[in-house]
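Novice: Dumping the structure here so I can ask a few things about it.
Please treat every number below as a calculation from the coordinates, not as lab data. Bear in mind that the values here come from a model prediction, so they are computed numbers and not experimental data. Cβ sites come from the backbone with ideal geometry, for glycine too, and all protein chains shown count toward neighbours.
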Amino acid sequence: MLMVDKFLDYIKFERNYSPLTVINYRKDLIEFERFYKELDPLLSWESVDSDVVRNWMEYMMDRGNSASSVNRRLSALRSFYRFALRRKLIEKDPVHGLQGPKKQKPLPQFLKESEMDRLLDPKMWTDSYKDVLARTIIVTFYETGVRLSELIGLDDKDIDNITCEIKVTGKRNKQRIIPFGKELAELFAQYQQVRNTTVNGDSVAFFQTEKGKRMTGEQVRELVKKNLSKVSTLKKRSPHVLRHTFATAMLNHDAGLESVKKLLGHESLSTTEIYTHTTFEQLKKVYKNAHPRA
């Protein structure tokens, strides 16, 4: 442990690491030493090679440690061996060139179909402009998958209730056309009627505040969060959750990945990779288990 003690003194007194960091590094190094001694009692800090370090990482992952936890411990070992190499306490750094496990991207959060049904139940809403506005915004996110910036940028001219198409301006001013159903067309018409008889203003914006101003991103986020809280316990209750809910519903009803890509406004399939391969299949299973088709 002499080499470890020298390293801990170095990070404590010369690098001024926090006491907690020093304690954690000591614990990580002791755990690694215990591991390699169990592999081979003749091994030492000087004779450990990269295969032993790899085995240690695999061991930790097998025991259920997260990628973040494994990478933190690997960081302690990497710092230790760099120190030892600079001080010529070892001849070779066994951690050099090794990469820790990649962090898995979490599945996107989405609302269950039953939650959306409850949220969109007419009994949940009044005929006030505030409620009509909120319900229309939520349904627009859910039925079209538009981004927040795209929604607040909508003007009256971008909504065509005859052809049931909405024109949105996405990233880098790229425009795309998104089809929508008759129910949303009826909701748009109802909203416009209430808006035009309630709001005084000359804004060309489709979604307006009661004062006739274009809705801001913060106003829409608060509106969505408040209403999703009525039916969901998700920690994240944002417009992006509704965008994920739209994509998830599309996938569950057998939409192709290319179609989802176009509707979401992604430039390439690589951007839509959260819905591909294992994640794609997991997402469909989770969604179907949450609300199987009738």
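Novice: I need the peptides 141-148, 209-216, 130-137 ranked by packing, meaning the mean over residues of other C-beta atoms within 10 angstrom, with the highest value on top.
Specialist: Working: 141-148: 20.8, 209-216: 14.5, 130-137: 18.9.
By packing density, highest mean first, the sequence is 141-148, 130-137, 209-216.
Novice: Just want to confirm a number: the relative contact order over region 158-235, from Cα pairs under 8 angstrom separated by 6+ residues, in percent.
Specialist: Relative CO of region 158-235 lands at 15 percent.
Novice: What is the set of long-range amide H partners of residue 17 at a cut-off below 5 Å, with H atoms built 1.01 Å from backbone N?
Specialist: Close amide H contacts, sequence-distant or interchain: 12.
Novice: Whole-Hz Karplus ³J(HN,Hα) for region 13-25, in order, using 6.51 cos²θ - 1.76 cosθ + 1.60 and θ = phi - 60°, x for Gly and Pro?
Specialist: Result, ordered by residue: 9, 9, 9, 6, 5, 5, x, 5, 5, 4, 4, 5, 4 Hz.
Novice: I would also like to ask the following. Would you list, by chain and number, the aspartates and glutamates whose Cα falls below 13 Å from the Cα of residue 171, excluding same-chain residues fewer than 8 positions away?
Specialist: Partners within reach: 150, 267.
Novice: In addition: Report ³J(HN,Hα) in whole Hz for each residue of region 111-125, in order, from the Karplus equation J = 6.51 cos²θ - 1.76 cosθ + 1.60 where θ = phi - 60°; Gly and Pro get x.
Specialist: Karplus values, whole Hz, x for Gly and Pro: 8, 6, 4, 5, 5, 5, 4, 5, 5, 8, 4, x, 5, 7, 10.
Novice: Let me check the size of region 1-87 from its C-alpha atoms; what are the radius of gyration and Dmax in Å?
Specialist: 12.8, 36
Novice: In whole angstrom, note down how far apart the Cα centers of region 115-138 and region 185-218 are.
Specialist: Cα centroid to Cα centroid, the span is 15 Å.
Novice: Something else about it: When Lys and Arg each count +1 and Asp and Glu each count -1, what net charge do the other residues less than 14 Å away from residue 130, Cβ to Cβ, add up to?
Specialist: 0
Novice: For a quick check: with amide H placed at 1.01 Å from N, whose amide H comes under 5 Å from residue 176's, ignoring anything fewer than 5 positions away on the same chain?
Specialist: Those qualifying (amide H under 5 Å, at least 5 residues apart or on another chain) are 168, 170.
Novice: Beyond 27 Å between alpha-carbons counts as too far, so tell me which of 123/174; 167/211; 123/167; 157/230; 211/236 fall in that bin.
Specialist: 123/174; 123/167; 157/230; 211/236
Novice: Let me ask something else. Modelling each spin label as a point 7 Å along the Cα-to-Cβ direction, I'd like the residue 14/residue 190 distance in nm, to one decimal.
Specialist: 7.2 nm
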